[in-house]
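This report concerns only the one structure given below.
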Amino acid sequence: MKPYKIGDYFEIEVKTDERMRAEFEGVLIHNLYSTWSLVYHAELCARRLLEKYLEDDEQGIGYSICIKHLAPTKIGKKVKIKAILRGVENNKFICDIEGYNEDGKKIAEGYQIQVFMKKEELLRKLEG
């Protein structure tokens, strides 16, 4: 892993659309930004942050995520999701997650952890 800086972050802004609605097996539950979309965007942010620090021969893989979806966001509104590097412990890359909608309302908080390792090691685990 390349040298990292605690507090570094990656942020995305997304305009919510119908693909991000709370829907299960084709049944619309709410015309709101879904928790599973929020989790996806949190994972994406944390992954992009990790990628800045991976060496060419390293790979990361998801380990854990814990997100509280604090407030609803209507479809068509923008959301900002941010992953902030909290720390690195052994081979675990730990990010705090925050999310806000375009109205300034905090919609999410939590954390995400990825494990990083040599690509060869990951391939061995996948073959095993």
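The values are calculated or read from the model by the stated rules, or taken from the named source; none is laboratory data. These numbers were taken from a predicted model, which means no experiment stands behind them. Positions of Cβ are generated from backbone atoms using ideal geometry, with glycine treated the same way; all protein chains shown enter the neighbour counts.
Within region 1-26, the set of residues being of a type in the set (D, E, K, R) and part of a helix (DSSP H, G or I) comprises GLU18, ARG19. Of the residues making up region 86-111, those that are farther than 25 Å from ASN31 by Cβ and touching a helix residue (DSSP H, G or I) at 6+ places or on another chain (Cβ under 6 Å) are PHE93, CYS95.
Quick test for you: out of LEU126, LEU38, LEU49, pick the one residue that is crowded, with 17+ Cβ neighbours inside 10 Å and either more than 17 Å from ASP17 (Cα to Cα) or among the aromatic types (Phe, Trp, Tyr) (or both).
On the way: LEU126 fails: crowded, with 17+ Cβ neighbours inside 10 Å; LEU38 fails: either more than 17 Å from ASP17 (Cα to Cα) or among the aromatic types (Phe, Trp, Tyr) (or both).
Testing whether each residue is crowded, with 17+ Cβ neighbours inside 10 Å and either more than 17 Å from ASP17 (Cα to Cα) or among the aromatic types (Phe, Trp, Tyr) (or both) leaves just LEU49.
Residue count for region 62-105 under the criterion of being in a strand (DSSP E or B), free of Cβ contacts under 8 Å to residues at least 40 places away in the same chain and of a type in the set (Lys, Arg): the result is 1.
Answer yes if at least one residue in region 27-38 is in contact with a Gly (Cβ under 8 Å, 6 or more places away or on another chain) and either outside any strand (DSSP E or B) or at pLDDT below 95 (or both), and no otherwise.
Looking only at region 27-38, we keep the residues that are in contact with a Gly (Cβ under 8 Å, 6 or more places away or on another chain), and these are 38.
From what's left, either outside any strand (DSSP E or B) or at pLDDT below 95 (or both): 38.
Scanning region 27-38, I find at least one residue that is in contact with a Gly (Cβ under 8 Å, 6 or more places away or on another chain) and either outside any strand (DSSP E or B) or at pLDDT below 95 (or both), so the answer is yes.
One residue stands out in region 22-55 among those that are free of Cβ contacts under 8 Å to residues at least 60 places away in the same chain and in contact with a helix residue (DSSP H, G or I) (Cβ under 8 Å, 6 or more places away or on another chain): the one that is farthest from LYS68 (Cα to Cα), namely ALA22.
Taking the condition of being among the aliphatic types (A, V, I, L, M), farther than 19 Å from TRP36 by Cβ and under 15 Å from the mean Cα position of the chain (by Cα), how many residues in region 83-128 meet it?
4
Suppose the filter is surrounded by 15 or more Cβ atoms within 10 Å (Cβ to Cβ), of a type in the set (Lys, Arg) and touching an Asp or Glu at 6+ places or on another chain (Cβ under 9 Å); does ARG86 pass it? Taking the combined requirement at face value, the residue satisfies it.
Scanning region 106-124 for residues that are in a helix (DSSP H, G or I) and in contact with a strand residue (DSSP E or B) (Cβ under 8 Å, 6 or more places away or on another chain) turns up LYS119, LEU122.
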